[in-house]
Amino acid sequence: MLVREIMTAPAVRIHAEAALDDAITLLASKRVTLLPVVDDDDHLMGVLSEIDVLRRAVEPDARARASQLPDSPPLPRHITEIMTTDPVTTSEGADVADLVDVFVDTSIKSIPVVRGEQLVGIVSRSDIIRALWRSDEELRDELLSVFADYGQQSWSLDVEHGVVTIRGTGSTRDRDVAVAIARSVLGVRRVRTEERG
């Protein structure tokens, strides 16, 4: 699976000169966990995540404390005061499997997709989950169609829980081509091959 096949484009974004209140409104109303921050040319300047906001925009409440709180620093007013300026990014042609490692090993939930410095989309953990959520019947229908488009109807295809089994006879190269075609279909989780008996 490639990033371009599952990313959300265009991404919900915010301009670098926006007020923090505007960013909070977008995060809440669009139900996103991260906002790419861009300039006038849509170049990625950074990101503003829910964590960035929570870290600086929520003050302790004295009513919940037995002792007096020290004076808090002033609340930020603009997103540039609290945004992350060197975010993790990816490209449209990146392998989604590589992003899974990032999502598993960090607290990151969404990653901006860039072409050079320009924002072209965003990919999230939920985008990956949605891509995996296809019925076996739907996958098999699409696989049969794609295999026919490539003149590969001689293969027998079965799908169970997103795992494709390709059966048939052919050279190693023919088999590699069939596997590559199957892997190109969104929602395919694994591909196996078996010689037809």
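The values are calculated or read from the model by the stated rules, or taken from the named source; none is laboratory data. Keep in mind it's a predicted model, so treat the numbers as computed, not measured. As a convention, Cβ positions derive from the backbone with ideal geometry for all residues, glycine included, and neighbour counts pool all protein chains shown. Only protein heavy atoms, including side chains, enter the accessible area calculation; ligands, DNA and RNA are left aside. Shrake-Rupley method; radii C 1.70, N 1.55, O 1.52, S 1.80 Å.
Just a yes or no: is a residue in the range 20-43 among the polar types (S, T, N, Q), open to solvent by 30 Å² or more (accessible area, probe 1.4 Å) and farther than 15 Å from V123 by Cβ? Within the range 20-43 (the criterion being among the polar types (S, T, N, Q), open to solvent by 30 Å² or more (accessible area, probe 1.4 Å) and farther than 15 Å from V123 by Cβ), the answer is yes, since at least one residue qualifies. Within the range 147-176, track down each residue that is within 13 Å of L186 (Cα to Cα) and either of a type in the set (S, T, N, Q) or exposed (fewer than 15 other Cβ atoms within 10 Å of the Cβ) (or both). If the condition is that a residue be within 13 Å of L186 (Cα to Cα) and either of a type in the set (S, T, N, Q) or exposed (fewer than 15 other Cβ atoms within 10 Å of the Cβ) (or both), then V163 is the only one that fits.
Can you tell me which of V159, V191, V146 is in contact with a strand residue (DSSP E or B) (Cβ under 6 Å, 6 or more places away or on another chain), at pLDDT 90 or above and β-branched (V, I, T)?
Working: V159 fails: in contact with a strand residue (DSSP E or B) (Cβ under 6 Å, 6 or more places away or on another chain); V146 fails: in contact with a strand residue (DSSP E or B) (Cβ under 6 Å, 6 or more places away or on another chain).
One residue alone meets the criteria, V191.
Of the residues making up the range 44-54, those that are open to solvent by 60 Å² or more (accessible area, probe 1.4 Å) and either out of contact with any helix residue (DSSP H, G or I) (no Cβ under 9 Å at 6 or more places or on another chain) or without any contact (Cβ under 8 Å) to a residue 24 or more places away in the chain (or both) are E50, I51, L54. Here is a list of conditions, (1) within 30 Å of H43 (Cβ to Cβ); (2) at pLDDT below 90; (3) among the polar types (S, T, N, Q), and S135 meets all of them except one; can you say which number that is? Condition not satisfied by S135: (1).
State yes or no: is S124 open to solvent by less than 50 Å² (accessible area, probe 1.4 Å), at pLDDT 90 or above, over 20 Å from A94 (Cβ atoms) and not basic (K, R)? When the stated conditions are applied, S124 does not pass them.
One line per residue, one yes/no per condition, for (1) touching a helix residue (DSSP H, G or I) at 6+ places or on another chain (Cβ under 9 Å); (2) modelled with pLDDT of 90 or more; (3) charged (D, E, K, R); (4) on the phi < 0 side of the Ramachandran plot:
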{"residue": "T8", "(1), (2), (3), (4)": "yes, yes, no, yes"}
{"residue": "T25", "(1), (2), (3), (4)": "no, yes, no, yes"}
{"residue": "P36", "(1), (2), (3), (4)": "no, yes, no, yes"}
{"residue": "D39", "(1), (2), (3), (4)": "no, yes, yes, yes"}
{"residue": "R56", "(1), (2), (3), (4)": "yes, no, yes, yes"}
{"residue": "A66", "(1), (2), (3), (4)": "no, no, no, yes"}
{"residue": "F103", "(1), (2), (3), (4)": "yes, yes, no, yes"}
{"residue": "V113", "(1), (2), (3), (4)": "yes, yes, no, yes"}
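The residue that is modelled with the lowest pLDDT, among those in the range 68-90 that are farther than 27 Å from T8 by Cα and either of a type in the set (S, T, N, Q) or in contact with a helix residue (DSSP H, G or I) (Cβ under 9 Å, 6 or more places away or on another chain) (or both), is L69. Restricted to the range 93-107, and to residues there that are open to solvent by 40 Å² or more (accessible area, probe 1.4 Å), touching a residue at least 40 places away in the same chain (Cβ under 8 Å) and part of a loop (DSSP other than H, G, I, E, B), the residue that is nearest to G46 (Cα to Cα) is S107.
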